[in-house]
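Okay, structure first, notes after.
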Amino acid sequence: MPPPQAIVFDLGKVLVDFDYGRAAANLATHATMPAEAIHRILDQTPLLHEYETGLMTTAQFREQVGGAIGFQGSPEQFAHLYADMFTPIGEMIALHDELISQGIATFAFSNTNELAIQFIRRTFSFYDRFTGTVLSYEEGFMKPTDRIYAVVEHRTWRRGTDLLYIDDRLENVEQARLRGWRTIHHTDPKTTVEQVRASLG
């Protein structure tokens, strides 16, 4: 089989790790609610899902969450404290750099939101090196909804085995397989790097 023509990366838990507990602890420094309760609001209410599907603007998300937790800082402080929950996964970022050096097109395909992407773009230089991106909050759909995979095919001008997709969530990988993409269910960087290199021959 010929090598894939484009590599599609999930972001969270693949290129960057994240921790909503850290976001909650950050926000608690300027809120009347304790970190544990803030964590539940971020992780167990519909607010984040609505934000990441574009049903809620950043200002609305900040107002809803900020009001619920008694946030007492500025909008800029909220943005930083909320989004400062990401840490780089070095081996995977090095793989992304390696692919770019070989002239291989790379794309980000992520369930995410505007605050997260603004932080990632500011903090990690790899983000602006993608050939293109497909982000749930911009498209109005989240993985594993089939329609957002069609957007990836349109954006990349590729489909089927021309695409190799890396994601840590099995349900997202399985939806890609149904469309005939090559896939890697990411569990650890070493294995994923080996699989990507093997696919390229």
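Please report the net charge: other residues with Cβ closer than 12 Å to the Cβ of VAL8, K and R +1, D and E -1. Around VAL8, the surrounding residues sum to +2.
Determine the dipole magnitude for the chain: charges of +1 sit on the beta-carbon of Lys and Arg, -1 on that of Asp and Glu, nothing else is charged, the reference point is the Cα centre, and the result goes in debye to the nearest 20. Don't skip to the answer; put the middle values down first.
Working: 18 positive and 26 negative charges, 82 e Å.
Taking the Cα centre of the chain as origin, the dipole is about 400 debye.
What per residue convex hull volume, in Å³, comes out for region 1-96 when only alpha-carbon positions are used? Spell out each step's value before the answer.
Details: hull volume 12.5 nm³, N = 96.
Once divided by residue count, the hull of region 1-96 is 130 Å³.
Below 12 angstrom from the Cβ of PHE141, what's the summed charge of the other residues (Lys, Arg +1; Asp, Glu -1)? Present the calculation step by step, with values, prior to reporting the outcome.
On the way: positive: LYS143, ARG147; negative: GLU52, GLU138, GLU139, ASP146.
Here the charged neighbours net out to -2.
Stokes-Einstein D for region 17-70 at 4 °C, 1.567 mPa s, Kirkwood Rh over Cα pairs, in µm²/s? Let's see the in-between values first.
Working: Rh = 11.2 Å.
My calculation gives 116 µm²/s for D.
Ranking THR123, ILE100, PRO189 by Cα position along the charge dipole of the chain, where only Lys, Arg, Asp and Glu carry charges on their C-beta atoms, puts ILE100 farthest toward the positive end. The charge dipole of region 139-201, taken about its Cα centre with unit charges on the Cβ atoms of Lys, Arg (+1), Asp and Glu (-1) only, comes to about 200 debye. The charge dipole of region 55-169, taken about its Cα centre with unit charges on the Cβ atoms of Lys, Arg (+1), Asp and Glu (-1) only, comes to about 180 debye. How are the C-alpha pair distances of the chain spread across 5 Å bins, as whole percents from the shortest bin up? Spelled out bin by bin, the chain gives 1, 8, 16, 19, 18, 14, 10, 7, 4, 2, 0, 0 percent.
What helices in the chain pass both tests, a Cα length along the helix axis of 15 Å or more and a mean Kyte hydropathy of -0.5 or higher, using whole DSSP H runs? It would help to have the intermediate numbers written out before the result.
On the way: long enough: 58-69 (16 Å, -0.12); 90-101 (16 Å, 0.45); 146-156 (16 Å, -0.59); 189-200 (17 Å, -0.43).
Qualifying helices, which must be both long enough and hydrophobic enough, are 58-69, 90-101, 189-200.
Of the residues THR58, PRO2, GLY132, the one whose Cα sits farthest towards the positive end of the charge dipole of the chain is PRO2 (charges of +1 on Lys and Arg Cβ, -1 on Asp and Glu Cβ, taken about the Cα centre).
Which of rounded, prolate or oblate describes region 62-166 when judged by the alpha-carbon gyration tensor and an a/c cut-off of 1.5? Oblate is the answer for region 62-166, as a/c is 1.5 or above yet b/c matches or exceeds a/b. In terms of the mean number of neighbouring beta-carbon atoms within 10 Å, the peptides 129-141, 33-45 order highest first as 129-141, 33-45. THR191 contributes about 50 Å² of solvent-accessible surface, heavy atoms of the protein only, 1.4 Å probe. Using the Cα gyration tensor of region 124-175, with a ≥ b ≥ c the square roots of its eigenvalues, what is the shape: rounded (a/c below 1.5), prolate (a/b larger than b/c) or oblate (neither)? Judged from the Cα gyration tensor, region 124-175 comes out rounded (a/c under 1.5).
The values are calculated or read from the model by the stated rules, or taken from the named source; none is laboratory data. Quick caveat, the model's predicted, so the values are computed rather than measured. Here Cβ is always computed from backbone atoms with ideal geometry, including for glycine, and neighbour counts include all displayed protein chains. We work out accessible area using only protein heavy atoms, side chains counted, and drop any ligands, DNA or RNA first. Shrake-Rupley method; radii C 1.70, N 1.55, O 1.52, S 1.80 Å.
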